[in-house]
Amino acid sequence: MQVDGEEDRPARAEAEALLRAGRLFEARCTAQDALDADGPDAALYAVLGRSHAAEEADDEDDLAERAYRRGLAAFPDDLDLLAAYAELCLNSDPFDRPTRYGHGPELAERLRELAPGSPQALRVEQAASRRGGPVGRTGPRPPSASRAQRHDAREALTAAAAAGATPREAAHSAREQADERPSDLRLAVRAETLAALARPGLAPLRLLVRAPLAGLAALSVAVGAAAVAVPAFQLPWWIPFAGLVLCLPHRILALLLRAARRRAATTAPPTGAEEPDPAAYPLLQPVPGISRRERTVSLTAALVVIAAVTAAGVWSDSRYRSYPHYTASPPAVFRGAQLLPDTPAGASLSNAMTAGWDIGDTEPFTYIYGTPGRARPEAMVFGAIGDFHDTSPDAVGFFEQGPRGITSTAGTAWNADPGDDGGWLRCVAYTPVVDSGARQVACSWADKGSVGTVIVNEEGLDHESAAGLTRALRHAILHTGPVV
């Protein structure tokens, strides 16, 4: 607002034009330079504050508040300054900036006292509706700014599609209506929203605006399917988090709509703009309340996601904790060597295994194969069956140094194919304490239901032969059904 007798300043019109064009930095510089050169001006303070507030940053909001306060100190009854400061306060976070937020109702009340029914008072009332309704009034809670924005954009896009108009043409028409009545915040928000949605490449976002319930239903099904796919197909654990990419269009749309509301709320109408008769053009229709269909679809979508995530979690945990329930029954003969029931080496090894695996739901086993009367066995097998659901590839390295008293020096180690029984298999060549001139090979396996090691006393075994012997003996000893 201009004080009586003050000539119009060219810098004022320039700064306001830059602000409306979104050139915020240039608008600030122009307004600040004019204030420094020519002294206080209410409109320039308003431009300075709005250009800071439009940056959407806390420190910029602080600078905007400082500009408004400086302007109101010189022009305490300026309607544009009061309205701009009131909108900043009402749009602030009541928890982060409680003092600033508390100034909003005071400024709105001051506006109603000075100019009831004015365009500035109307904008403030609309801004106040975001925080629970018009300041100082009672009645049904109005729709949120976000809901009104989505409704208006959806109606405009649907009408444009029915008339064969492009999104750009719909945005142009909305801008013309907003310019005819610059004090109507809802019209300004619609114009900014349609202008943002009319950009090239945003057809998916426009579709989400026009069909929000279908988009929500599709999103819930996709997120639920991604969650269930992990245990169903044994996919990596991070797949559900990758599924969050499906939410990206909705997040981008929310940010775009928020930015459009902020631009509309922080853009000042041209100084001296006259309001036309509201009957000169059709006003926006009232925003309907939340329908039963919306509630049903939203609730169903939430239940689908919750049920899918819960089922996937239970299923994944069940698969993780499950393990094959083996019984150990060794063959009587292995590669021509007999199973020796009572040997000093077998007794010593059995005692060591019993002491080492006396934990939880596990059952150790030891088997010695050789020729009766010969001191050196041809093969030794030791391990345990039980609940090893949390085992890992590191478990196969447990026996690399051999059981206590059997192995002293380990040599070359390599990973091998575990075969059809799954799990992990690792082999190592080592030198025993007794008869250290002979080389031996030990191959250890591990899965969720068993761990074990096969030591073969045979010279010249290559890697694949040693692993093959272990796979064969493991398969012959472990059974998941009744032993025949």
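The values are calculated or read from the model by the stated rules, or taken from the named source; none is laboratory data. Just so it is clear, the structure is predicted and the values come from calculations on it, not from any experiment. With ideal geometry, Cβ positions are generated from the backbone for all residues, glycine too; neighbour counts draw on all protein chains shown. These accessible areas exclude ligands, DNA and RNA; they are computed on the full protein's heavy atoms, side chains included. Shrake-Rupley method; radii C 1.70, N 1.55, O 1.52, S 1.80 Å.
Taking segment 70-92 and a reference point 7 angstrom along Cα→Cβ of Glu109, the backbone N atoms nearer than 16 Å belong to 86, 90. Note on Ala332 and Arg9: their simple-model spin labels are 11.0 nm apart, each label 7 Å out from Cα toward Cβ. Taking 1.002 mPa s as the viscosity and 20 °C as the temperature, the Stokes-Einstein diffusion coefficient of segment 287-396 based on its alpha-carbon Kirkwood radius rounds to 114 µm²/s. Here the spin labels are modelled as points 7 Å beyond Cα on the Cα-Cβ line, and at Glu155 and Arg374 they lie 9.5 nm apart.
Only protein heavy atoms count here; under a 1.4 Å probe, Trp238 has an accessible surface of about 130 Å².
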